[in-house]
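> Take a look at the following structure, please.
The values are calculated or read from the model by the stated rules, or taken from the named source; none is laboratory data. No experiment lies behind these values; they were computed from the predicted model shown. In this analysis, Cβ positions are derived from the backbone assuming ideal geometry, glycine residues included, and neighbour counts consider all displayed protein chains.
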Amino acid sequence: MTSIVKTVTRLVVGVIFIYGIYIILHGHLTPGGGFAGGAIIAGAFILLVLAYGSDMLKLKAKEAGSSVMESLAILAFLLMAVVAFFLGTKVFFHNYLPKGIIGDLISAGVIPLYNIAVGIEVAAALFTIFLALVIFKEESK
Amino acid sequence: MEVIISVIIGFMIIGAIFALNAKDLLSAVIACGIVGYGLVICFLLLKAPDLAIVQIVVETITLIFMVAVILDSSSKELNEKRWTHLEGTSYINTRFVVNITTVIVFAGLLLFFFSQAIDVLAPFGQHVTRMSTAYIENGANQTGSANLVTGILFDFRGYDTLGEATILFTAVIGILTILRLKGKQ
Amino acid sequence: MIVYLMCFILFLTGMYGVLSQRNLIKIVIGLSVMEISIFLFMALIGYIDAGVAPIVTQTGEQLIYVDPLPQAMVLTAIVIGLATNAMLLAIAIRLYKKYKTFDVRKINQLKG
């Protein structure tokens, strides 16, 4: 891409990334949550790859990394559900942490943790799909 | 409200018809974007900001995927005629008539069944389900989450979210398997 | 009621596309139009006149909230729809690499 696109991307992509993190962390207070924030973060990464491009080896390493991130995130989600089984009243997805005051940033028990896990999972999944498409098109040339 | 949303859905239908009849694939994909972004406006009017945020990002990513797929396909994909027209026969032949009649009859039948099926719903804007009243009354206190949608998603309906995460994981594995050119040595 | 019927007409448009088109990309577009009409229908069921978005405020006044349950279900369905669409597109690009066309009839004729 041209240097105009690269410069604008360099300026904008950090802001998009921080916006995604904000959407995930405030998911229990404002509209948004893990799904929206994860998709926004994946969009930031996709923008980076589209603007800068990359050679094959780097892309393959990135794909392996994001695939591992996705697996770890879904594992964390499951582990939190299982921990609730042992700590709470023998029910999966039981909210065992203190609830706090409605409207505070640290409140709602385990819901922010679930939000973070789902956000990482969605971001890694969408970015992996995009990288698989790009690698396929590069290899089949 | 009902009229405004109906007009927006009308635009979405026009966009969908254009996308299905477009002469080349790039305009088809971009016309498909009309439908998705119209859905964002509908979600905002229906007081669903969570869905609007998700849908606007997801629609953009879908467009990127579709353009990436069709980008190096040849431009003469859709050049052939829609209706095969034999020499010496009139344009309105039997096959044409049969096609049009079938489409109209089945669309009418499905519309009739649909209008029977939605008879149980209250008029637009007044439908209240039992579960939703329970969730709205107790949701904030039982989950501690100010956003009721997030509270339902991760507390009352945690299994739904777990299933969704599993489907996403499976889809990614399937895509990686389909798109791998060389087997691992 | 008219808005439900319009939503169903959008569904029928997508179904017509899936059944009648011969191009794989247009079939995927038709499927995504069907998906979108389903999301819209569920969001329409949840709407309540003069309701506000389902976010509790601390002021304590009694507000009418729109139904949060369909919104929570559609939220997961949107992301699943993106993943399934991407999988269909992956199959389409794989077929294009093998047969050099997106046309279903030609792919049927070229055995092997």
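> Which of the residues belonging to the range C:81-102 are more than 30 Å from residue B:162 (Cα to Cα), in contact (Cβ under 8 Å) with a residue 40 or more places away in the chain and more than 7 Å from chain B (Cβ to nearest Cβ)?
Hit for the range C:81-102 is C:95, nothing else.
Condition check ((1) closer than 17 Å to residue C:82 by Cβ; (2) out of contact with any helix residue (DSSP H, G or I) (no Cβ under 9 Å at 6 or more places or on another chain); (3) more than 10 Å from every other protein chain (Cβ to nearest Cβ)) across all residues:
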{"position": "A:6", "(1), (2), (3)": "no, no, yes"}
{"position": "A:25", "(1), (2), (3)": "no, no, yes"}
{"position": "A:36", "(1), (2), (3)": "yes, no, no"}
{"position": "A:44", "(1), (2), (3)": "yes, no, yes"}
{"position": "A:62", "(1), (2), (3)": "no, no, yes"}
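> What pairs come up if the first residue lies in the range B:162-185 and is loosely packed, with under 14 Cβ neighbours inside 10 Å, the second is at pLDDT below 85, and their beta carbons are under 6 Å apart, counting only those six or more places apart or on different chains?
B:181/A:139
> Pairs please, first residue from the range B:146-161 and more than 7 Å from chain A (Cβ to nearest Cβ) and surrounded by fewer than 22 Cβ atoms within 10 Å (Cβ to Cβ), second anywhere and part of a helix (DSSP H, G or I) and of a type in the set (Gly, Ala, Ser), Cβ atoms under 7 Å, 6+ apart in sequence or on different chains.
B:157/C:72
> While we're here: For the range A:93-137: of the residues being among the small types (Gly, Ala, Ser) and outside any helix (DSSP H, G or I), which is surrounded by the most Cβ atoms within 10 Å (Cβ to Cβ)? If you could, list the steps in order and put the result at the bottom.
Keep residues of the range A:93-137 that are among the small types (Gly, Ala, Ser), which gives A:100, A:103, A:107-109, A:117, A:119, A:123-125, A:132.
Subset that is outside any helix (DSSP H, G or I): A:100, A:103, A:107-109.
Details: A:100: 13, A:103: 17, A:107: 20, A:108: 32, A:109: 22.
That would be A:108.
> Examine the range C:44-56 for a residue that is among the hydrophobic types (A, V, I, L, M, F, W, C), within 18 Å of residue C:4 (Cβ to Cβ) and touching a residue at least 40 places away in the same chain (Cβ under 8 Å), and state whether such a residue exists.
So in the range C:44-56, the residues among the hydrophobic types (A, V, I, L, M, F, W, C) come out as C:44-45, C:48, C:50, C:52-53, C:55-56.
Next cut, within 18 Å of residue C:4 (Cβ to Cβ) only: C:44-45, C:48.
After this cut, where a residue has to be touching a residue at least 40 places away in the same chain (Cβ under 8 Å) as well, the list is C:44.
Yes, that holds for at least one residue.
> Just to be sure before I move on: is residue A:29 buried (at least 18 other Cβ atoms within 10 Å of the Cβ) and touching a residue at least 12 places away in the same chain (Cβ under 8 Å) in the structure I sent? Walk me through it before giving the result.
On the way: buried (at least 18 other Cβ atoms within 10 Å of the Cβ): yes; touching a residue at least 12 places away in the same chain (Cβ under 8 Å): yes.
Yes: the conditions hold for residue A:29.
> Residue A:37: farther than 22 Å from residue A:138 by Cβ and touching a residue at least 40 places away in the same chain (Cβ under 8 Å), yes or no?
Values: farther than 22 Å from residue A:138 by Cβ: yes; touching a residue at least 40 places away in the same chain (Cβ under 8 Å): yes.
So residue A:37 passes the test.
> Can you pull out every residue in the range A:25-46 that is of a type in the set (A, V, I, L, M) and over 19 Å from residue C:53 (Cβ atoms)? Even if it seems obvious, please write down each step before you answer.
Just the residues of the range A:25-46 that are of a type in the set (A, V, I, L, M), to begin with: A:25, A:29, A:36, A:39-42, A:44, A:46.
The answer is A:25, A:39, A:40, A:41, A:42, A:44, A:46.
> Give C:78, C:48 a once-over and let me know the one that is facing chain B (nearest Cβ under 7 Å) and closer than 17 Å to residue B:157 by Cα.
Details: C:48 fails: closer than 17 Å to residue B:157 by Cα.
Checking each option against the conditions leaves just C:78.
> Residue check, residue A:77 against (1) more than 9 Å from chain B (Cβ to nearest Cβ); (2) in a helix (DSSP H, G or I); (3) closer than 27 Å to residue C:55 by Cβ; (4) of a type in the set (Phe, Trp, Tyr), all met but one. Which one?
(1)
> I need the helices (runs of 4 or more DSSP H) fully contained in the range B:120-185, keeping only those with at least 2 residues that are under 25 Å from the mean Cα position of the chain (by Cα).
Numbers: elements: B:130-143, B:148-151, B:158-178.
Answer list for the range B:120-185: B:148-151, B:158-178.
> Mind checking which residues of the range B:34-67 are in a helix (DSSP H, G or I) and more than 21 Å from residue A:38 (Cα to Cα)? Steps first, please.
Quick first cut of the range B:34-67, residues in a helix (DSSP H, G or I) only: B:34-45, B:49-67.
Scanning the range B:34-67 gives B:34, B:35, B:38, B:41, B:42, B:45, B:67.
> Still on this model: Out of all the residues in the range C:55-92, which are of a type outside the set (Val, Ile, Thr), buried (at least 22 other Cβ atoms within 10 Å of the Cβ) and part of a loop (DSSP other than H, G, I, E, B)?
Result: C:67, single match.
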